[in-house]
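The values are calculated or read from the model by the stated rules, or taken from the named source; none is laboratory data. The structure presented is a predicted model; accordingly, all values stated were derived computationally and were not measured. Cβ placement follows ideal geometry from the backbone for every residue including glycine, while neighbour counts extend to all protein chains displayed.
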Amino acid sequence: MAMTPDQLRERVRGEIVVPGDATYDEARAVHNGMSDRRPSAIVRVANAGDVMATVLYARENGLDLAIRGGGHSAPGFGTVDDGVVIDFSRMRTVRVDPRGMTARADPGVTWGDLNSATYAFGLATPGGMISSTGIAGLTLGGGVGYLSRGFGLACDNLISADVVTADGRFLVASEEENADLFWAIRGGGGNFGVCTSFEYRLHPVKDVYWGPMFYEVEETENVLRFFREYIKDAPQAMGAFPAFQIAPPLPFIPEDRHGDMFAAIVACWTGPLDEGEAQFRPFHDVAEVKAEMVGPTPFPAANQAFDGLFPKGLRQYWKGNYVRELTDEAIAVHAEYGPRAPTVSSTMHLYPINGACHGVASDATAFGHRADNFSMVILAGWDDPSADQANIQWVRDYSDAIAPHSEKGGYVNFLDADDQDRVQANYGANYSRLVEIKRKYDPDNVFHVNQNIVP
């Protein structure tokens, strides 16, 4: 007999929010304002036992199950119509072991939470670009960020994770225990279970030399050609990426340029601070910098600098590809479509995934695109629902134009709900092994509200 909602309430310590409750609309909201879904229950879990009970409840009742860490999933996978949401927002503890240089973090922790906790000890681990993003989804999909060239992806720095599987069991996944599951969750997303704790390796990073540099948009091709050559053998302590950016009304940008489109490079040097200025010189030699805000910066501050462009409730649409080589033809496409970004929250970022990311074998984790050099994202963010079509169309047109110059697969954290047909390409040579592990741990595809690996 299936568990009833009343029986679920008896079994969980956390709060259960259902339609009609005063907090329901707040509880069902995720970061992407387009994901306006109405779950039958949102379980604000307090511990792993709550997760075990909720997984069994959803499974026994045949309900769709969504897992929400930070709630930043582009397609809104942190919520679902009529189903059940496991919401980790009440589980946000971080424990740092400065001697062992590790941290253990709950699944509701954001990168802002983790960076703040580790910064006190002069330590950090590779995470994302926006501090309100959850560690869980980002790590499980791979985890690309400022520190990736120096220290690898977020998943490369995962030591172990606690996982609740589709049959309600609690397992530890590490190199020593359930090694196949540990392999799969490092890049395979939430397909294999619900992670209830993450243990990370930390690195000595405290204050960084960081900042954005803006160039006239006419310099796009120069900047991208420079970047292609520069990043091949740049010091691994340099995390930098090119972008397009409509100038927001910030003090470092001349007032008469607010609202203008610029090409940009955002750079983060984690080596000795007194070398920062010299390390940034190549970015100033490529073209005249029209505006910049660079200098010594606490790493948590660098990681949250763009949060204001990406508020909760912003309507979003995403596409991404891996890029092996940034060809002249690709650069021409970027120069044509990038400057058409429709809003201040719309952009193309080209994140380098060489350096330390290339030091991991392509079959060592589920994240297999180790020979590619860039992970590209095209993102539109806007407020007005009447502008949905125009913003989505810009992303699709750009994505279609750049596809012939990119790999077939893309980073799962940069893809949208209409990308399910790309899942096999996203995992490449690792896909068949992922299917085998999915059959072992989730044969009934309980965990399918994701970029789904079908058992």
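Is it true that Gly137 is of a type outside the set (S, T, N, Q) and either assigned to a loop (DSSP other than H, G, I, E, B) or surrounded by fewer than 24 Cβ atoms within 10 Å (Cβ to Cβ) (or both)?
So Gly137 fails the test.
For region 317-364, give me each residue that is among the basic types (Lys, Arg) and assigned to a helix (DSSP H, G or I).
Result: Arg340, single match.
Pairs needed: first member in region 203-215, touching a residue at least 60 places away in the same chain (Cβ under 8 Å); second member anywhere, buried (at least 22 other Cβ atoms within 10 Å of the Cβ) and hydroxyl-bearing (Ser, Thr, Tyr); C-beta distance under 7 Å; at least 6 residues apart or different chains.
Pairs found: His203/Thr125; Val205/Thr270; Val208/Thr270.
Return yes when Ala58 is crowded, with 23+ Cβ neighbours inside 10 Å and at negative phi and no when it is not.
Considered against the rule, which asks whether it is crowded, with 23+ Cβ neighbours inside 10 Å and at negative phi, Ala58 comes out as yes.
Please state which of the following conditions Pro311 fails to meet, knowing it meets all the rest: (1) in a loop (DSSP other than H, G, I, E, B); (2) touching a residue at least 24 places away in the same chain (Cβ under 8 Å); (3) more than 24 Å from Leu147 (Cβ to Cβ).
Result: Pro311 passes all but (2).
Do any residues in region 106-125 that are within 25 Å of Val194 (Cα to Cα) have Cβ atoms under 8 Å from those of residues that are modelled with pLDDT under 95, where the two are at least six apart or on different chains, and which pairs are they?
Trp111/Gly128
Being modelled with pLDDT of 95 or more, more than 23 Å from Leu224 (Cα to Cα) and not hydrophobic (A, V, I, L, M, F, W, C) is the filter here, so list the residues in region 365-412 that pass it.
Correct list: Thr365, Gly381, Asp383, Asp384, Pro385, Ser386, Asp388, Gln389, Asn391, Gln393.
Going through region 217-235 one residue at a time, which ones are within 26 Å of Ala301 (Cα to Cα) and outside any helix (DSSP H, G or I)?
Across region 217-235, the qualifying residues are Ile231, Ala234, Pro235.
Within region 70-79, identify whether any single residue is hydroxyl-bearing (Ser, Thr, Tyr), in contact (Cβ under 8 Å) with a residue 40 or more places away in the chain and outside any helix (DSSP H, G or I), and answer yes or no.
yes
Can you name every residue in region 400-422 that is assigned to a helix (DSSP H, G or I) and crowded, with 21+ Cβ neighbours inside 10 Å?
Of everything in region 400-422, those that are assigned to a helix (DSSP H, G or I) and crowded, with 21+ Cβ neighbours inside 10 Å turn out to be Ile402, Val412, Asn413, Phe414.
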